[in-house]
């Protein structure tokens, strides 16, 4: 008799040849996709509007910007809630609130959703059959793009930056990688050294040319979805915040908005929207990679691309929060993430919002008069799957477990406690 182990090759071959006939549907976008499964038809009318394509009408205070988007897709669960964030030891009379963009979805979550609503509408309008984007090995943006693309019947190609020693190895299934690979994204690895020498734009262009030669119709989405079109995601978020504060019983008027900065598009939209609207909150960005001067210059390019006619340095304050470097954490930062979760129930990601909140509270402690008596809105940009990449580093901060003590005198009878 054959052992189970000896049957594995045959089982694997049978599974590979099975075509899942129940999932077969006519593909509405022509492509030479190499996906194992045929792509589902593009969503049309949906209950409640989710995944629906909509005509876009800009807020009146932003209608002079150019170019204006024509369409958007409904990809996020919006509006995301705003609530008080009860962190202890704030400066006197300072109120801290949090906008939960981490709750904009699950697979497709965080701040990237808002940008992708505009970027993927443009990709579909250009008759693309696949999208290309670039990021770190645990990029939240790449994971969100992979999910959103699959929702809209587009193949997704991800160029992921990793270490030189791992670039020739299977990247595994930790955190964001698990979701990306589950939804069928094509993963292309590049070393950090090659990335630094070639750059994200050139790498995306190389892949685009290869796909074009194969008869594909690729659409390139930049790192973090941060271009002038993606900026509309957070211009629109400012309109959402304004509507939420108007309908609040307390009629909150925020003095400050605080957010992590990793690619520039989120802060560009928030700062420009706050400047043009009635919100008029001062935007503070905490950069988790590169330095403030880089982001001032890059964000200026995004604003110029919208013909905004404003200077970045006049509408946003950018501070360095990268610490050891992008996606690298000190033990103090990880302990902070743990302490905030244990104190307030809010789980921050270690790469973006965790570093931003950590540096914000350090600044509040060092310069309390700067924040005293102000109402501050912190934007939680999501990225919780990134925590799985920090499990080993965070293990020492975890406690509160033990074997349950059950006295021998407690009656015991087989079958009493049913397990379902």
Practice prompt. Check region 286-309 and report whether any residue there is crowded, with 23+ Cβ neighbours inside 10 Å, in a strand (DSSP E or B) and in contact with a helix residue (DSSP H, G or I) (Cβ under 6 Å, 6 or more places away or on another chain).
Written response: yes
Worksheet item: Since residue 388 meets every condition but one in (1) under 19 Å from the mean Cα position of the chain (by Cα); (2) crowded, with 17+ Cβ neighbours inside 10 Å; (3) not in a loop (DSSP other than H, G, I, E, B), which condition does it not meet?
Response: (2)
Item to complete: Working only within region 177-195, note down all residues that are in a helix (DSSP H, G or I) and touching a strand residue (DSSP E or B) at 6+ places or on another chain (Cβ under 9 Å).
Response: 177, 180, 181, 192, 194, 195
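For every residue, the table says whether it meets (1) within 17 Å of residue 77 (Cβ to Cβ); (2) assigned to a strand (DSSP E or B).
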{"position": "121", "(1), (2)": "no, no"}
{"position": "127", "(1), (2)": "no, no"}
{"position": "131", "(1), (2)": "no, yes"}
{"position": "135", "(1), (2)": "no, yes"}
{"position": "138", "(1), (2)": "no, no"}
{"position": "141", "(1), (2)": "no, no"}
{"position": "147", "(1), (2)": "yes, no"}
{"position": "150", "(1), (2)": "no, no"}
Discussion item. For a quick check of your reading of the model, give me the residue pairs whose first member lies in region 281-308 and is assigned by TED's automatic domain parsing to the domain that holds residue 242, whose second is in a helix (DSSP H, G or I) and surrounded by fewer than 19 Cβ atoms within 10 Å (Cβ to Cβ), with beta-carbon atoms closer than 6 Å and at least 6 apart or on different chains.
Written reply: 296/313
Fill in: Qualifying position, being farther than 26 Å from residue 125 by Cβ and within 21 Å of the chain's Cα centre (by Cα), among 223, 258
258
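The values are calculated or read from the model by the stated rules, or taken from the named source; none is laboratory data. Please read all numbers here as calculations on a predicted model, not as lab measurements. In this analysis, Cβ positions are derived from the backbone assuming ideal geometry, glycine residues included, and neighbour counts consider all displayed protein chains.
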